[in-house]
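Data first, discussion second: the structure below is written as structure tokens.
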Ligand code: FPP
């Protein structure tokens, strides 16, 4: 049977792709099913997309799984999502380790369940020597919250005399962000037809290219990722400089 995630490496793949996986609820609704049905379908799509991204030659993939604002959803949906993250880690650990995927989590862990935090820590440790694609999963993540937490840490270093206020610049602050070891995203994709960034990687995406596509996340395919990366390759990124 043909492998739906089989893709060939691209000549010019974006180094870091970040995805806002939106549309699970509408996908479920269109089938007359509860929202969690859509989240489960969305979680299955994550595995395929990680495989496809690695196949295309993308080195870093960051996915938005739960935002600092998502706690506003019903208790049933929030609990279902947390349960889904636990199940994802339990089911996928072996395949992630064997496929050389380096997994990290970003976001504030304080509000998360202790068991989930332990699973996240364990998966990070188990994959820390992996050298394949770097998969970063954002859980209880918000760009503003991240910058506020980073600023707090930076202020603590200033108060402790480890950092002079005069030395704080654009290079300093990112060293305190959750993403401190990651390069900035080159391409940010949002599915489901919404054209907004919803507090995702605010600092890091200052010069990212964006793709807003109509596909609902559970319908997103390896081929669509490939097409978006091909289109990215033809873009002229000038970082504020003049057209050549
Ligand atoms: C947004 O769609 C999606 C989420 C808030 C959850 C994202 C979670 C997954 C894709 C599955 C699990 C992920 C992992 C890493 C296992 P929405 O529910 O807001 O969709 P809607 O706008 O159609 O209602």
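Dividing the mean sequence gap of close Cα pairs (under 8 Å, 6+ apart) by how many residues segment 80-204 holds gives a relative contact order of 25 percent. Protection proxy ranking of 155-167, 48-60, 25-37, by the mean of other Cβ atoms within 10 Å over each peptide's residues and highest first, is 48-60, 25-37, 155-167.
How many angstrom separate the Cα center of segment 70-118 from the Cα center of segment 168-224? Cα centroid to Cα centroid, the span is 19 Å.
Based on the Cβ-Cβ distance from residue 170 to residue 235, what FRET efficiency comes out when R0 is 30 Å, to the nearest 0.05? According to the calculation, E is roughly 0.80. Once the Cα-Cα distance is subtracted from the 0.36 nm per residue extended length, the residue 148 to residue 74 segment shows a gain of 24.0 nm.
Working from Cα pairs under 8 Å separated by at least six residues, relative contact order for the chain is 29 percent. Per-residue ellipticity at 222 nm for the chain, helices alone: DSSP H runs ≥ 4 residues times -39500 (n - 2.57), over residue total, nearest 500 deg cm²/dmol? Computed mean residue ellipticity for the chain: -12500 deg cm²/dmol. Of the residues 88, 141, 239, the one with the fewest other Cβ atoms within 10 Å heads the list, and the complete ranking is 239, 88, 141. Highest-first packing order for the peptide set 214-222, 68-76 is 214-222, 68-76, based on the mean count of other beta carbon atoms within 10 Å. Approximating the spin labels as points 7 Å out from Cα along Cα→Cβ, the residue 195-to-residue 10 distance works out to 2.1 nm.
No value in this document is a laboratory result; all are computed from the given coordinates. Here the structure is a predicted model, which is why all the values come from computation and not from measurement. As a convention, Cβ positions derive from the backbone with ideal geometry for all residues, glycine included, and neighbour counts pool all protein chains shown.
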